[in-house]
Structure formats: structure tokens, C-alpha cells
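Working notes, beginning with the structure itself.
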């Protein structure tokens, strides 16, 4: 079974929960997942209610707020994720899906066959199954959000993220220069282009050089000489 699939048609799967990822905030709090704890005493919980929680938790749509440049970049991230994250969880932790828009990740709801994996589990086992499902989803999204390809796309396409990155270093001359080079590298790696218009550069990051305007013009002139920026 493929753990991640990009469909060629618009996905028509219904998801229980829809969230839009903000990588400036803690990942776990955004996903709206419900973990369970073992109870002490006589009432250990209700197995059927726990199964309903598992069914709801298995279904999650996470939007990025923008699209990857191509499915090629998305597949690189997910192949890395499958290699590094998937082995930490059981085979029933979940299947993932997206479509050619490459702007979201879906954790597919369990089908009848997959539900049979926990149908006969006792309550402690159901709790463990649920919590592993939640941890799997969190670890996958955290891995994606920390991946260099995702961060480069976000720097170019998420105005809120780019503003926060440059605002944090705008008074630090060295860190600001590093952020400039990071931005230029992202343009090259994501857009696969060697030059961008000066107007776009100024629109994206120019306002963050108010404390160091001489640095901006120094970097800009060097980029123009290298052919990275054109008038």
C-alpha cells in the first residue's frame, strides 16, 4: 500500500477536520486531535466511544495556504517523511493523500477493512491505538513543516511567514544579510530561475532594510552584477 498518493483528479474524500497550517505556531495545538488517558478505578471507559474518537481522529485535512511549485517538490518531502517518520509507527497509523494542486495533505479516514484492525481491541489497546494515530499525524506535519523545501516555499508564498523571518533580524546586519541570501537561494531552488525582477524583491523584503539601507543597496548591486536581479 502506498502511504502517500497524489491523485490526478480533485479529491472527493470528506474529512472530519479542516485546518490551515501556521508554521509560526506550535503544530500540535493546531491539529485539533484528541488524545486519551488510561483511567484509574472501576470505570475504564467505553470501547464504542473510543472507537468513534479513533474514527474521527483518523480523518484530517491540513491546508498549507499555498501550493508547491510542482508535485516533484511535494513528493521529495513525502518520500523523506515516509523514510524517516513512518517506521516509528504501526502499519495502521494512516494513509495520506493530496491532489495535483499540491496545497494540502489529507489523512484518509479508515475504511471498513482498516477499522477491523482495532475492532476487537480492549480499552487499553484502543487508547494506545488512538494516541499513536494522533502522534503519527503530528509527527508527519511537523516533519513537513520543518523540511527545507517546505520552508523555502513558505518564504516565497506565505507573506506572514516571510514577514516574521525578516522582522526578527531586521536590526541585525549580519543576520539580515544571511536572510537576504536565504531568500535568493529559495527563489533559485523553488522557482528554478536565475533572476527575478527588482520590483518583486523590493515588495517582498525591501521594507525590512530600513535600519540598514546601505546593506540593501550593497546586496542588490551585487545581485544585479551576478544576474540574479534585473531592473
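Structure notes:
- With the convex hull of its Cα atoms as the shape, the chain has an orientation-averaged projected area of 15.3 nm².
- Normalised by the number of residues in the chain, the average gap of Cα pairs under 8 Å and 6 or more apart makes the relative contact order 22 percent.
- Gyration tensor (alpha-carbon) shape descriptor, segment 158-230, a/c threshold 1.5: oblate
- Bins of 5 Å, starting at 0 and running to the largest distance - Cα pair percent for segment 153-200: 5, 21, 27, 28, 16, 4, 0
- Angle of helix 123-146 to the longest C-alpha principal axis of the chain, folded into 0 to 90 degrees and rounded to 10: 10°.
- When the Cα gyration tensor is reduced to axis lengths a ≥ b ≥ c, the ratio a/c is 1.5 or higher for segment 55-107, and with a/b not above b/c it is classed as oblate.
- Eigenvalues of the alpha-carbon gyration tensor of segment 1-109, scaled by 5 and square-rooted, set the equivalent ellipsoid semi-axes at 29, 15, 14 angstrom, largest first.
- Principal axes of segment 59-164: Cα extent on each, largest first, Å: 49, 26, 23
No lab work stands behind these numbers, since they all come straight from the coordinates. These numbers come from a predicted model, not from an experiment.
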